[in-house]
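Asker: Let me give you the structure first, and then I'll get to my questions.
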Amino acid sequence: MEQPGTALIVRHLPRMRSILKWFEPWLTPNGLLGKNPQWNFIDWAGPPGNNRETFPSYGKDGGSCLMTVTWLGTLRQGAVLEAAYGDKAEAAADTAKADAARDAIRRSLLGRQKRALCRYLGLGALEPAYECAGDLV
């Protein structure tokens with residue numbers, strides 16, 4: 001959708017901020033997002049989407065790499081929008097949160113899981129898993 005000006009983006013920045021911040025209370029001590037009280041849509045494929053006990057999956061510590069990487073990507077996009085049209089301090093805060101989420105994902109995934117995720121995302125099976133996970137996020 002093309003707009004002649006930036007007013008539409010600027011008008012919606014406060015809402016974007018509130019949505020991104022809404023997830024923060026659900027951060028687990030290991031830095032991953034845990035279960036929240038809402039429905040977490042990821043994809044129509046796989047198990048029934050309304051079964052919150054099995055999808056998205058959560059580790060023994062209650063964190064979900066899948067939910068966290070979704071939030072991380074949104075934080076990165078929010079940082080770009082803030083830097084271009086909003087508040088530079090908000091952009092820096094979003095970037096810092098995204099970096100922390102990336103680091104939590106890196107700590108949580110085992111080598112085999114990282115390689116599988118890299119293959120799924122087309123990042124190359126030959127790259128060392130830690131490098132691929134860095135490219136991921």
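Asker: Looking at region 74-108, which of the residues that are among the hydroxyl-bearing types (Ser, Thr, Tyr) and either over 15 Å from LEU32 (Cα atoms) or in contact with a Gly (Cβ under 8 Å, 6 or more places away or on another chain) (or both) is surrounded by the most Cβ atoms within 10 Å (Cβ to Cβ)?
Answerer: Among residues in region 74-108 that are among the hydroxyl-bearing types (Ser, Thr, Tyr) and either over 15 Å from LEU32 (Cα atoms) or in contact with a Gly (Cβ under 8 Å, 6 or more places away or on another chain) (or both), the one surrounded by the most Cβ atoms within 10 Å (Cβ to Cβ) is SER108.
Asker: Let me ask something else. Of the conditions (1) modelled with pLDDT of 85 or more; (2) farther than 16 Å from ALA101 by Cα; (3) in contact with a strand residue (DSSP E or B) (Cβ under 8 Å, 6 or more places away or on another chain), PHE23 satisfies every one except a single condition; which number is it?
Answerer: It fails just one condition, (2).
Asker: Filter region 54-86 down to the residues that are touching a residue at least 40 places away in the same chain (Cβ under 8 Å) and outside any helix (DSSP H, G or I) and list them by number.
Answerer: GLY59, GLY63, GLY86 - these are the residues of region 54-86 that are touching a residue at least 40 places away in the same chain (Cβ under 8 Å) and outside any helix (DSSP H, G or I).
The values are calculated or read from the model by the stated rules, or taken from the named source; none is laboratory data. Everything numeric in this text was worked out from a predicted model, so none of it was measured. In this analysis, Cβ positions are derived from the backbone assuming ideal geometry, glycine residues included, and neighbour counts consider all displayed protein chains.
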